[in-house]
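These notes concern the structure reproduced below.
The values are calculated or read from the model by the stated rules, or taken from the named source; none is laboratory data. Owing to the predicted nature of the structure, the values given are computational and were not obtained by experimental measurement. Reconstructed Cβ throughout: ideal geometry from the backbone, glycine too, with neighbour counts over all protein chains shown. Heads up: the accessible areas ignore ligands, DNA and RNA and are worked out on the full protein's heavy atoms, side chains in. Shrake-Rupley method; radii C 1.70, N 1.55, O 1.52, S 1.80 Å.
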Amino acid sequence: MPPNDNANLILYEHRNKKLPLAILIHHNFYFSLIYLVFAGALSFKKWRDVHSTDSLNSSLLLPVYWTWVVVEASRLYSGQKGVLLDKVPELTAFFLLSFFP
């Protein structure tokens, strides 16, 4: 039930506007964590077991994976911080890292 006075009503409406984005970022964190575990295990298995003739593939596999891990962690952190603390620069960083990794 929304509060009765005007100041609390404005705060209540403002928090409800950013709630869907907060829920999406929250679920994205857990899906990214699951993806991190599976992709990490498969990348390590491919790097260890598959002896390809292409040395470029085997030499870039793990560095590209760890670069993705660092960018994804910073993206999710900036998204959570931006939504919870209502900070525009962090939300901008979240959206830019989401669309242009």
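Observations on the structure shown:
- Rounded FRET efficiency, nearest 0.05, which uses the C-beta distance separating Ser98 from Arg48 and R0 of 41 Å: 0.85
- Each of Trp66, Trp47 has its accessible area taken with a 1.4 Å probe; listed largest first, they run Trp66, Trp47.
- Between Val88 and Ile34, the simple spin-label model (points 7 angstrom out along Cα→Cβ) gives 3.6 nm.
- A 1.4 Å probe run over the protein chains yields, for the range 23-74, 78 Å² of accessible area per residue, whole-number rounding.
- Compared with the alpha-carbon gap, the fully stretched path from Leu24 to Leu62 is longer by 10.8 nm at 0.36 nm per residue.
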